[in-house]
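Comments concern the structure below.
Since every read-out is calculated from the coordinates, none of them should be taken as a lab result. Computed from a predicted structure; not experimentally measured. A quick note on method: Cβ atoms are made from the backbone with ideal geometry, for glycine too, and the neighbour counts reach across all protein chains shown.
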Amino acid sequence: MRAVLRSLTLISVLAASVSLRGAEPTAAELAQSLQRKYDTIRDFSADFVHNYKSGALRKQLTEKGHLLIKKPGKMRWEYTAPEQKLFVSDGVKIYSYIPQDKQVVVSSVPPDGTAAAPALFLAGKGNLVRDFTAALTEVPAGMPAGTKALKLVPKTPQPDYDWIVLFVDQTTLGLRGAHVPQMRRAGRRPFPLQT
């Protein structure tokens, strides 16, 4: 009889652990899974839409373009509409070119271990688990079914943002979008995924 009770207890424990595995992932588990997936990707390209509010009137702007990423740290954001802009990183420097301004602005890529530019995660220069505290948040209306919203708060305070939200396909872990609140420093041109 004791053997039967032990077997039933063991079966109950195993069943409970199987049902927990089928449960929704925690924020930490989703961040770990997403980081593991992006660690295996070496390069990719995508079309993007960049929405942000600009100027004193807080006018909503929508820009479109094409993105190329090659890890570690190399990326090219080519904006095509409504105006042309180009942001390129060679992994050491970031080059920002806006033809209308007729100048190139060069800045250094933040060092590894910082979360200074959310776009750098895509280029393999950040780590969701190391650099951020993760939490699940509400998915906005209009996102496809199966989307999870992962809110990431940098563990080290950042001058440009307090948090970002990644919209992730729960099944494939594909990145469906990102939201970063308006940058705090006035006068800076928006860098991709920083607004």
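In this label model, Glu78 and Asn127 are separated by 3.4 nm, measuring between points 7 Å along each Cα→Cβ vector.
Fully extending the segment from Gln100 to Lys155 would add 16.1 nm, taking 0.36 nm per residue of separation and subtracting the current Cα-Cα distance. Inter-label distance, Met143 to Ala28: 2.2 nm, where each label sits 7 Å from its Cα along the C-beta direction. Across segment 30-100, the convex hull enclosing all Cα atoms gives 128 Å³ per residue.
Distance between the 7 Å Cα→Cβ label points at Ser107 and Leu68: 2.3 nm. Once divided by 2.2 N^0.38 Å, the Cα radius of gyration of segment 139-178 becomes 1.31. Maximal additional length on extending the Asp90-Arg42 stretch stands at 15.8 nm, based on 0.36 nm per residue less the C-alpha distance. Once C-alpha pairs closer than 8 Å and six or more residues apart are averaged by separation and normalised to the residue number of segment 131-182, the relative contact order reads 30 percent. The GluC sites (Glu not before Pro) of segment 33-101 that meet both conditions, a loop assignment by DSSP and at most 16 other Cβ atoms within 10 Å of the site Cβ, are Glu83.
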